[in-house]
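Taking it in order: structure first as structure tokens, then the write-up.
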Ligand code: BGC
């Protein structure tokens, strides 16, 4: 017996019923016979990729508490960045009778059989932050505007070089250059990495075209720039190799496009070990980032890393909860983008959230005043919850 009758009806049935259900999101639902389904009997499986990066811990905690506040029972699992572990954890959630799944995938192409099993049991699947690809059984996608993340990362690097203002408009007294830059991308099996790269490269392209920016290593393809699993160590190694192959003749490095704070810190370590810096003022290139991880926010405050992209995971978690409540109440979740995210099989209805660029001078406003980090955490570079 399925615990949650609405879910067993599939989308068409749910939509038909939603017209007469009359229940607000999050309230205990009724089955078609009018029997009440207590929220605590509804099990939501939440699958997160890893605990090595603090954003996913924050995401997992926020999704769990939001769902629990709505009364649901939650099974939260982290997969240690290991694909078989994630597959196994999701299989387990399905076997335990999950009524809905929220999944941030490690490899977006590796979950087809889990999604087939979920569909066979009429379990809606919400793709969280990262799009699950190559499956028709992704019901919804909650994320940030990933293309815009890439645009913002590249814009911050151009801003650091004095070429544009914070809005990306050409600076009045822009220096001529040329400037040198090296490019890093995320993990190729993560759909987001491609959006970040595309947004960034389209923003940088005019500056490559007119010769303002040069890539001394010549490595300008995403395959060359990619860092598997977004690993800090792999990024450090790649930067060390680039220094040896393209900078040992004394060529200076002015900027690094980095898609993630962990990668930024790997790059910074390689550069500082090579004798650069330790701050931007003392010769370190301008380096972007993403996630506003506390170690990187601290480095930005200290003038070591130039920028990061703040994605408020509290808002994403809220959006996932609202979406889950809609599915579980037999309603259609609200999408604000029904065109961008083609997963290879279908365009997945999505809800995109906005992002912010963090520089040293707006840490207080964006991160401290909003309660994301305390001033003490920024000062120490360590999260209080660690
Ligand atoms: C997320 C980023 C994160 C990266 C590494 C991406 O899918 O969107 O926020 O920096 O994974 O964890």
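The values are calculated or read from the model by the stated rules, or taken from the named source; none is laboratory data. In this text, all values refer to a predicted model and were calculated from it rather than measured experimentally. Here the Cβ positions follow ideal geometry from the backbone for every residue, glycine too, while neighbour counts run over all protein chains shown.
Residues in region 339-379 that are surrounded by fewer than 19 Cβ atoms within 10 Å (Cβ to Cβ) and part of a strand (DSSP E or B): 342, 347, 353, 356. Of all the numbered requirements in (1) away from the ligand (no atom under 16 Å from the Cβ); (2) in contact with a helix residue (DSSP H, G or I) (Cβ under 7 Å, 6 or more places away or on another chain), residue 187 misses one, and that requirement is (1). Of the residues that sit in region 42-72 and are surrounded by fewer than 17 Cβ atoms within 10 Å (Cβ to Cβ) and over 19 Å from the mean Cα position of the chain (by Cα), which one is farthest from the ligand (Cβ to nearest atom)? Checked region 42-72; the qualifying residue farthest from the ligand (Cβ to nearest atom) is 71.
In region 124-134 there is at least one residue that is in the same structural domain as residue 342 (by TED's automatic domain parsing), farther than 25 Å from residue 229 by Cβ and either in contact with a strand residue (DSSP E or B) (Cβ under 6 Å, 6 or more places away or on another chain) or at pLDDT 95 or above (or both). Each residue in region 94-122 was checked for being surrounded by 20 or more Cβ atoms within 10 Å (Cβ to Cβ) and within 21 Å of residue 330 (Cα to Cα), and 8 of them qualify.
In region 123-165, the residue that is surrounded by the most Cβ atoms within 10 Å (Cβ to Cβ) out of those that are assigned to a helix (DSSP H, G or I) and away from the ligand (no atom under 16 Å from the Cβ) is 157. Checked against the criteria, residue 86 does not count as surrounded by 19 or more Cβ atoms within 10 Å (Cβ to Cβ), free of Cβ contacts under 8 Å to residues at least 24 places away in the same chain, under 25 Å from residue 229 (Cβ atoms) and in contact with a strand residue (DSSP E or B) (Cβ under 8 Å, 6 or more places away or on another chain). Residue count for region 285-304, restricted to those that are outside any helix (DSSP H, G or I) and away from the ligand (no atom under 14 Å from the Cβ): 6. Checked against (1) touching a strand residue (DSSP E or B) at 6+ places or on another chain (Cβ under 6 Å); (2) over 22 Å from residue 314 (Cα atoms), residue 108 passes all but condition (1).
Here is the figure for region 251-275: residues that are within 14 Å of the ligand (Cβ to nearest atom) and part of a loop (DSSP other than H, G, I, E, B) total 3. Going by what's in this entry, would residue 231 be described as within 16 Å of the ligand (Cβ to nearest atom) and surrounded by 24 or more Cβ atoms within 10 Å (Cβ to Cβ)? Here the answer is no, as residue 231 does not meet what is asked.
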